[in-house]
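Comments concern the structure below.
The values are calculated or read from the model by the stated rules, or taken from the named source; none is laboratory data. This structure is a prediction, so every number in the text was calculated from the model and none was measured. When the accessible area is computed, the model is the full protein with side chains, heavy atoms only, and any ligands, DNA or RNA have been set aside. Shrake-Rupley method; radii C 1.70, N 1.55, O 1.52, S 1.80 Å.
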Amino acid sequence: MELIIKNTNMKEGYPLFGLKDLSINKPTLSLEELKNIKDKNIFISIDKNIFNSDLPYLEKALQLIENLNLKGIFFYDLAVLSLSKRLNLKTKLIWNQDFLVTNYKTCNFYQKEGVKGAVLSPLLPEEIEEIRNNTNLELYVNIFGHQLMAVSKRHLLTSYFNYINKENDQNIKFMKEKTGTYPVIEEFYGTKFLTKDILNGIRYLNKLKEIKIDYVILDSILIENDTFSKILEYYKEAIYKDVTEERLLEMEQEINKIIPTSLEFFAKKTIYKVKKND
């Protein structure tokens, strides 16, 4: 099992960087910065909706990544897969469509299309092992951090503050609902809604190792660097050393003393609502 760090400049595990004008993930690299980067053990996230006008730039970016021999590309829009196949590129593609990665049959379909890995939906407390047992794709599991709930290409904070005739002084706000307070982040390419709680699934790491999950992802978004650095040390111990279940529970408690976290969907049974006889 290996460690991927998202939304940070830290040189730990395998960093996951966004690509300027092709990603909602931070931090982003321009193509020029990507050319000059020394550490090739990085993943690139191309996770925004791709429009026709983006295609020439996307093709240029994919060819550059191919030449640099980076670890792989996390992709959302199928234009990335289509272009990679047309150009006969060999860079590893990781299917990352958030809540759509929910079953092994679709994973196997994408494997036939040349995809090498998939980031499982964070809504799968019970199905992770079933998927692992029925696909040969590399599997990636989000294990720590605020999780993405929704993305809109609209600038919803700007629209709201225009409507109430007030100035929007920052691009991060918090939406209060009956169930809690949710971070809302507006960027050039749209608006992101995050979970109110920080997921912390460290107690499940031995199980994920046992079923041979390939990578776990830690997301540092909205967490101070010093705080995240302390938490990262616990995860490095849990991933790269043999630790007992008791030690994992101790780590969970110690992390909760640093910053409040939650088991989120790991502790909730998956519920499907379907029509009768479907």
Length-normalised contact order of the chain, Cα under 8 Å, at least 6 apart, in percent, tallies to 17
4 °C / 1.567 mPa s Stokes-Einstein diffusion coefficient of the chain, Kirkwood radius on C-alpha pairs, µm²/s | 65
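Shape call for the range 212-262 from the C-alpha gyration tensor, a ≥ b ≥ c root eigenvalues: rounded (a/c under 1.5), prolate (a/b greater than b/c) or oblate? Don't skip to the answer; put the middle values down first.
Details: a/c = 1.98, a/b = 1.28, b/c = 1.54.
Since a/c reaches 1.5 but b/c is at least a/b, the shape of the range 212-262 is classed as oblate.
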The distance between the Cα centres of the range 139-162 and the range 1-38, in whole Å, is 18
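So with the 1.4 Å probe, I'd like the accessible area per residue for the range 112-189, rounded to whole Å². Show your work: numbers first, answer last.
Working: 4700 Å² over 78 residues.
Accessible area per residue, the range 112-189: 60 Å².
May I ask you to derive the relative contact order of the range 2-88, considering only C-alpha pairs under 8 Å and at least 6 residues apart, and to give it as an integer percent?
RCO, the range 2-88: 24 percent.
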Before anything else, pin down the relative contact order of the range 33-173: Cα pairs under 8 Å, at least 6 apart, normalised by residue count, whole percent.
-> 16
Mean shadow area of the range 67-198, taken as a quarter of the surface of its Cα convex hull (nm²) | 10.6
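Let me know the shape class of the range 20-102, please: from the alpha-carbon gyration tensor, a ≥ b ≥ c as square roots of the eigenvalues, rounded when a/c is under 1.5, otherwise prolate if a/b is greater than b/c, or oblate. It would help to have the intermediate numbers written out before the result.
Numbers: a/c = 1.34, a/b = 1.26, b/c = 1.06.
Because its axes are fairly even, with a/c under 1.5, the range 20-102 counts as rounded.
Taking every DSSP beta bridge with both residues inside the chain, roughly what % is antiparallel (nearest 5)?
Values: 16 of 46 bridges.
Among the beta bridges of the chain, antiparallel pairing accounts for roughly 35 percent.
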Compare Ala61, Ala150, Ala118 in a GNM of the chain, Cα atoms joined below 10 Å, and give the one with the largest fluctuation.
-> Ala150
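Classify the range 161-278 as rounded, prolate or oblate from the Cα gyration tensor: take a ≥ b ≥ c as the square roots of its eigenvalues, call it rounded if a/c is under 1.5, otherwise prolate when a/b beats b/c and oblate if not. Numbers along the way, then the final one.
Values: a/c = 2.41, a/b = 1.40, b/c = 1.73.
Taking the square roots of the gyration eigenvalues as a ≥ b ≥ c, the range 161-278 is oblate.
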At q = 0.11 Å⁻¹, the log10 of I(q)/I(0) for the range 136-207 from a Debye sum over equal Cα scatterers comes to -0.39
Distance between Cα centroids, the range 196-217 to the range 56-88: provide it in whole Å.
-> 28
In whole percent, how big is the carbon plus sulfur part of the accessible area of the range 71-229, probe 1.4 Å, protein atoms only?
-> 48
